[in-house]
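These notes concern the structure reproduced below.
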Amino acid sequence: TACGGTGSAAGNAGSDKITMGFAQVGAESGWRTANTKSVQESAKKAGIDLKFSDAQQKQENQIKAIRSYIQQKVDVIAFSPVVESGWDTVLKEAKTAKIPVILTDRAVDSTDKTLYKTFLGSDFVEEGKKAGTWLVDESKSATDTVNIVEIQGTTGSAPANDRKEGFEEAIKANPKLKIIASQSGDFTRSGGKQVMEAFLKNNPDIDVVFAHNDDEGLGAIEAIEAAGKVPGKDIKIVTIDAVKDGMTALSNGKINYIVECSPMLGDQLMDLAKKVIAGESVPERVVTEETTFTQEQAKQVLASRPY
Ligand code: GZL
C-alpha cells in the first residue's frame, strides 16, 4: 500500500489496517455460532477490519460474498466452504486479483493448491474414527448385530464426507456393527429430529445413533423421547462437536460420547492472515487441537466450557 503498510498489493491503499473478508457458512448450529463469535472477537483483538457475511448455507451466497470482497479489494479473504466442490472459478478470480485466500474449518476439493494459502481446521476423518473406535470398545461384548443409524451432516461438505469415512473405517474392527440407515440432517437440530423420526418409523430395533454433530443428536433425542424410548439407554448416541447443549445432554446421560470439534479458530486465523499478508511462509495445513468426552468428563468440565 502507499505508505508501505502491511496491506497486500491489492489492499486498501494508504491505510495500515488489514481488511479481511470472511464468508461464513451460515448459523445452522451451536458450533457455527461459536465459530462466528471466535472469528469476530479475534479480528477485533488483532486490530483487523473484518467484513463478515452469512450465506445461510448456500454456496451461491458464499461465492457472491467472495466476489464482493474481491471488488472491495480486501487484503485477505477467509471462508469455510459449505461444500467441497465448485470453488475453482471464484478462487481463480481472487488469485488474479492477488488477494490471498485462507480456508478455515472446511476444505475444498480443488486440486490446484495455489488457490489458497493454507487450510486451518479439524481432521474430520480422525473425528469419525474416534466416534467409531468408542463404539467398537462399547460393543466388545455384543452377541448379536448392533444396528446403527447415521445422521449425516450437510451433503457434500467435507465434515460429512470425512466423518462418515473415518467412522466406517473404525467400525470395521467389529463385524457386529452395522449401519442400517444413513441420511443427511444438514447439521441442524430440526434436520436431526426429522431424520430420526423417519428412522424410528422404518426400523424397529435401533441400538445406536451416530450423528455428525451435536445439534443433529439433540434433534434425535427429541424424536427418541417422543417415541417413548430413553436416549442414552434404549438407544445410545454418539455425536461430534462438544458445544454447550451437547455437553449438557452428555452430562445428563442422554448422549453417551462426544468427539470434540473446536470452533475456536479465530486467533489462529488472524495470526495466519498477518503472516500471509506480510509475505511470510505459512504451513499449508494447520490442524486444530481437540479431544473427546465421556459422560463423567462432561460433568467435570461443563461449567467451564467457553461455548
Ligand atoms: C465442523 C463444522 C461443522 C460442525 C457443525 O468443523 O464445519 O459445521 O461440526 C457445523 O456443527 O454446522
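Taking the numbered list (1) crowded, with 24+ Cβ neighbours inside 10 Å; (2) of a type in the set (A, V, I, L, M); (3) in a helix (DSSP H, G or I); (4) in contact with a helix residue (DSSP H, G or I) (Cβ under 7 Å, 6 or more places away or on another chain) in turn, Ala273 passes all entries but (4).
A search for C-beta distances below 8 Å between a residue of the stretch 86-100 that is without any contact (Cβ under 8 Å) to a residue 40 or more places away in the chain and any residue that is polar (S, T, N, Q), counting only pairs 6+ apart in sequence or on different chains, returns Gly86/Gln59; Trp87/Ser110; Asp88/Ser110; Leu91/Ser110; Lys95/Thr114. Restricting attention to the stretch 98-119, which residues are within 20 Å of the chain's Cα centre (by Cα), more than 11 Å from the ligand (Cβ to nearest atom) and of a type outside the set (D, E, K, R)? Val101, Ile102, Leu103, Val108, Ser110, Tyr116, Thr118, Phe119, listed by residue number. Those strands (runs of 3 or more DSSP E) of the stretch 120-226 that lie entirely within it include none in which at least 3 residues are within 16 Å of the ligand (Cβ to nearest atom), free of Cβ contacts under 8 Å to residues at least 24 places away in the same chain and within 18 Å of Ala242 (Cα to Cα).
Selection over the stretch 276-299 of residues that are under 24 Å from Phe124 (Cβ atoms) and either part of a loop (DSSP other than H, G, I, E, B) or without any contact (Cβ under 8 Å) to a residue 40 or more places away in the chain (or both) gives a count of 9. Residue under question is Glu284, and the condition is that it be over 25 Å from Lys98 (Cβ atoms) and charged (D, E, K, R); does it hold? It is false that Glu284 is over 25 Å from Lys98 (Cβ atoms) and charged (D, E, K, R). Restricting attention to the stretch 188-197, does a residue exist that is within 15 Å of the chain's Cα centre (by Cα) and hydrophobic (A, V, I, L, M, F, W, C)? Scanning the stretch 188-197 turns up no residue that is within 15 Å of the chain's Cα centre (by Cα) and hydrophobic (A, V, I, L, M, F, W, C). Selection within the stretch 241-258: residues that are outside any helix (DSSP H, G or I) and either in contact with a Leu (Cβ under 9 Å, 6 or more places away or on another chain) or in contact (Cβ under 8 Å) with a residue 60 or more places away in the chain (or both). The member of this set that is farthest from Val209 (Cα to Cα) is Val243. Would you confirm whether or not the stretch 117-124 contains a residue that is within 19 Å of Phe210 (Cβ to Cβ) and not hydrophobic (A, V, I, L, M, F, W, C)? Among the residues of the stretch 117-124, at least one is within 19 Å of Phe210 (Cβ to Cβ) and not hydrophobic (A, V, I, L, M, F, W, C), which makes the answer yes. For Val90, the criteria (1) more than 17 Å from Ala273 (Cα to Cα); (2) within 15 Å of the ligand (Cβ to nearest atom) hold in every case but one, which is (2).
The numbers here are math on the coordinates, done by the rules we state, and not lab data. If you're wondering where the values come from, they're calculated on a predicted model, not measured in any experiment. Methodologically, a virtual Cβ is constructed for each residue, glycine included, from the backbone with ideal geometry; neighbour enumeration extends over all protein chains shown.
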